[in-house]
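Enquirer: Attaching a single structure in structure tokens format; questions to follow.
Coordinate-derived values only; no laboratory data. Because the structure is predicted, anything quoted here is derived from the model rather than measured. Neighbour counts are summed over all protein chains in view; Cβ atoms, including those assigned to glycine, are modelled from backbone coordinates with ideal geometry.
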Amino acid sequence: MAIPVKLEVFEGPLDLLLHLIEKNKIDIYDIPIVLVTEQYLDYIKKMETEDMNVMSEFLVMAATLIDIKCKMLLPPEVNEEGEEIDPRSELVEKLLEYKMYKYMSYELRDRQVDAATVFYRKKDLPKEVLSYVPPVDYEELIGDMNLQKLHELFKTIVKRQEDRIDPIRSRYGKIEKEEVDMELKTLYVRAFAQTHKTFSFTKLLESQHSRAEIIVTFLIILEMMHDGEITIRQNDLFDDIIITSNFMEENAG
């Protein structure tokens with residue numbers, strides 16, 4: 001009378017291969033393909049399943065193992081660098097990736113079990129504390145410099161740029177849309193700030209060649225001031241605005 005043997009159930013062909021490697025205490029980077037293929041095929045012969053989708057996965061892996069076995073009997077292939085190509089390398093990568101995800105699933109399962117025994121307490125802070133918003137002194141935050149002063153200076157520079165345009169000739173000729181590369185202009189302004197300790201805001205804007213470049217440069221200066229890359233000051237009410245670069249101080253530190 002034959003003794004019934006119950007086979008261990010595996011989630012897929014990679015799970016079975018990983019089991020055979022651990023069972024035989026094999027180095028996953030140096031798999032004895034002959035031994036593993038024989039044990040793998042022996043397991044498939046004993047499988048009893050009517051699900052063709054499951055069987056097809058195991059049969060595809062069996063064909064892959066046989067293909068690797070045949071390649072290892074032939075002279076080794078060489079890549080462009082002159083190194084021998086191991087036919088098992090792709091299989092090893094798949095096994096390592098599967099092993100990583102498998103043990104990650106164990107970790108997630110353990111965390112799920114532990115989470116069932118953990119209870120969290122809801123927030124019970126007073127409404128006065130939750131609704132409190134710390135006051136902000138914008139006068140102290142901005143200091144002597146404000147956006148109004150920058151805006152007034154900006155309008156003055158734009159007006160000078162418009163005065164350069166010939167009111168008669170500008171009505172004729174082909175009108176083309178002017179585009180300014182924001183990234184290139186940002187690199188230019190930052191490079192200018194890095195190479196100059198202090199410089200005039202007016203001089204920087206006047207060095208631009210068009211109204212579009214002035215607007216883009218003005219926006220970049222505002223962004224740099226917001227990020228702390230530059231410091232702006234004005235000694236008197238109608239004096240020019242002086243920009244001080246903070247790049248040199250950061251590099252020195």
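Enquirer: Using 32 Å as the Cα-Cα cut-off, could you pick out the over-long pairs in Lys46/Lys71; Lys102/Lys122; Lys71/Lys102; Lys69/Lys99?
Expert: Result: Lys102/Lys122 exceed 32 Å.
Enquirer: May I pose another question? Once you have the Cα-Cα distance between Asp67 and Glu152, take 0.36 nm times their residue separation minus that, and quote the gain in nm to one decimal.
Expert: 22.8 nm
Enquirer: Mind giving me the FRET efficiency for Gln39 and Tyr103? R0 is 30 Å, r the Cβ-Cβ distance, nearest 0.05 is fine.
Expert: 0.85
Enquirer: What nm distance separates the two modelled labels at Glu93 and Leu222, each placed 7 Å from Cα along Cα→Cβ?
Expert: Output for this residue pair reads 5.0 nm.
Enquirer: Something else: Run through every distinct alpha carbon pair of the range 25-68 and return the Kirkwood hydrodynamic radius in angstroms, one decimal place.
Expert: Taking the inverse mean of 1/r over all distinct Cα pairs, the range 25-68 comes out at 11.4 Å.
Enquirer: Using +1 at the Cβ of each Lys and Arg and -1 at the Cβ of each Asp and Glu in the range 176-238, identify which of Ser210, Gln194, Met224 lies farthest towards the dipole's positive end.
Expert: Gln194
Enquirer: Continuing with the same structure: I'd like the FRET efficiency for Val60 and Leu125, computed as 1/(1 + (r/R0)^6) with the beta carbon distance as r and R0 of 45 Å, rounded to 0.05.
Expert: 0.15
Enquirer: Quick one: length gained pulling Lys159 to Asp51 fully straight, 0.36 nm per residue minus the C-alpha distance?
Expert: So the extension gain works out to 30.8 nm.
Enquirer: By the scheme Lys and Arg +1, Asp and Glu -1, what is the net charge of all other residues having a beta-carbon under 10 Å from that of Lys71?
Expert: -1
Enquirer: Val113 to Val180: extension gain in nm, 0.36 nm per residue of separation minus the Cα-Cα distance?
Expert: Extending this stretch completely gives an extra 18.3 nm.
Enquirer: What are the ³J(HN,Hα) values, in whole Hz, obtained from phi via the Karplus relation 6.51 cos²θ - 1.76 cosθ + 1.60 with θ = phi - 60°, for each residue of the range 111-121 in sequence order, with x given for Gly and Pro?
Expert: 5, 5, 5, 5, 5, 5, 9, 10, 10, 10, 9
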